[in-house]
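Single-structure report; data block below.
The values are calculated or read from the model by the stated rules, or taken from the named source; none is laboratory data. These numbers were taken from a predicted model, which means no experiment stands behind them. Positions of Cβ are generated from backbone atoms using ideal geometry, with glycine treated the same way; all protein chains shown enter the neighbour counts. Accessible surface is based on the protein model in full, side chains and every heavy atom, while ligands, DNA and RNA are left aside. Shrake-Rupley method; radii C 1.70, N 1.55, O 1.52, S 1.80 Å.
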Amino acid sequence: TQLEIQHDTWDSGFTVFYDGLRFVNLNPTNLPPAGPPPPSGVNPDAIEPKVLLFIYDPIVESMASQRMHQAYGWTDPAWLAHQAAGDLRSNSHDLVRYQIVATNIVDGYPYFLDGYQFDDASFHTTWTSRVEHASMFDYKRFVTNYGIEQRIQSGEIDEVWLYTMPFVGTWESTMAGDGGYWCNSTPVAGVPSTRLFVIMGLNYERGVAEAIHSYGHRAESIM
């Protein structure tokens, strides 16, 4: 007999109109016929998003020429990503089956929006001093330099999991493409993709729990 709808508008001051809102009685005899059953072994509610796993994990020559995660005693980011995918699958009761279809490991450092780029020495200074560079990760440059937009458009991948060292200014999650909206951060401007896609900003100095934490904020924003 009544319906209450609430909106969190963040005091934006806009007006919401509901058109054609009415109460109806659903008569089971008037419903459309049920569709055919799914094939054996197929769950029609399950999804299998295709992920590009992109890792900045440079070789640090001054530390026995080890990959950064080894040199600093951090966890292998490829292992972290597969563990996170497994947790999302089990916690969704086998409905969200992430497929890591490609992995890029870069022997280098990402660019900041102001054009700055760490080297081994400057990163070590930042890590030990905890004084961050005053800029953010350059998402548009990242997408353009590695042809990610074309891979999204072709359907080869659906989203990007970006693992980096700390202090490079990534968001926990961000959205790119035409019509991109808030996804725990402002969307990436200037990426002309008709398919929206999310870039997860993950840090291999942390663990699987923090990756799932970031994913939770992504889900909050989208919902």
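Tabulated results
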quantity: Radius 15 Å from Cβ of Met200, net charge of other residues (Lys, Arg +1; Asp, Glu -1); calculated: -3
quantity: Within the stretch 1-160: Cβ-based charge dipole about Cα centre, in debye rounded to nearest 20 (Lys, Arg +1; Asp, Glu -1); calculated: 340 debye
quantity: Alpha-carbon centroids, the stretch 37-63 and the stretch 108-154: separation in whole Å; calculated: 22 Å
quantity: Integer Hz, Karplus 6.51/-1.76/1.60 couplings in order for the stretch 200-205, x for Gly and Pro; calculated: 8, x, 10, 10, 7, 6
quantity: Counting DSSP beta bridges with both ends in the stretch 1-155, the antiparallel % (nearest 5); calculated: 35 percent
quantity: From phi via Karplus (6.51, -1.76, 1.60), per-residue ³J(HN,Hα) for the stretch 29-42 in Hz, x at Gly/Pro; calculated: 6, 9, 6, x, x, 5, x, x, x, x, x, 4, x, 10
quantity: Whole-percent pair-distance distribution, where bins are 10 Å wide, for the alpha carbons of the stretch 177-223; calculated: 25, 46, 26, 3
quantity: Rg/Rg_globular for the stretch 85-188, with Rg_globular taken as 2.2 N^0.38 Å and Rg from C-alpha atoms; calculated: 1.23
quantity: Carbon + sulfur, % of accessible area of the chain - ligands and nucleic acids excluded, 1.4 Å; calculated: 53 percent
quantity: Share antiparallel - DSSP beta bridges, the stretch 158-221, percent rounded to 5; calculated: 40 percent
quantity: Potential lengthening between Met63 and Gln83 on full extension [0.36 nm per residue; Cα-Cα distance subtracted]; calculated: 4.5 nm
quantity: Stokes-Einstein D in µm²/s, Kirkwood radius over Cα pairs - the stretch 30-148 at 4 °C with 1.567 mPa s viscosity; calculated: 73 µm²/s
quantity: Quarter of the Cα convex hull surface for the stretch 1-91, i.e. its orientation-mean projected area (nm²); calculated: 14.4 nm²
quantity: Stokes-Einstein D in µm²/s, Kirkwood radius over Cα pairs - the chain at 25 °C with 0.890 mPa s viscosity; calculated: 121 µm²/s
quantity: Axial C-alpha extent at least 15 Å, average Kyte-Doolittle at least -0.5 - helices from the chain (DSSP); calculated: 77-91, 208-222
quantity: Within the chain, helix-based [θ] at 222 nm, where runs of 4 or more DSSP H residues each add -39,500 (n - 2.57), nearest 500; calculated: -7500 deg cm²/dmol
quantity: Largest-first ordering by accessible area, 1.4 Å probe, given options Trp127, Trp171, Trp182, Trp161; calculated: Trp182, Trp171, Trp127, Trp161
quantity: Most to least packed among 146-152, 32-38 [average Cβ atoms within 10 Å]; calculated: 146-152, 32-38
quantity: Cα-projected label distance for Asp11 with Ala102, points at 7 Å along beta-carbon direction, nm; calculated: 4.5 nm
quantity: Percent of beta bridges antiparallel (DSSP, the stretch 75-216, rounded to nearest 5); calculated: 50 percent
quantity: Karplus 3J(HN,Hα) series, Hz, for the stretch 170-182 with 6.51 cos²θ - 1.76 cosθ + 1.60 (x for Gly, Pro); calculated: 8, 8, 4, 7, 8, 10, 10, x, 4, x, x, 10, 4
quantity: Residues with amide H under 5 Å from that of Ser173, placed H, sequence gap 5 or more; calculated: Gly201
quantity: Heavy-atom surface of the chain, accessible at 1.4 Å and reported per residue (Å²); calculated: 60 Å²
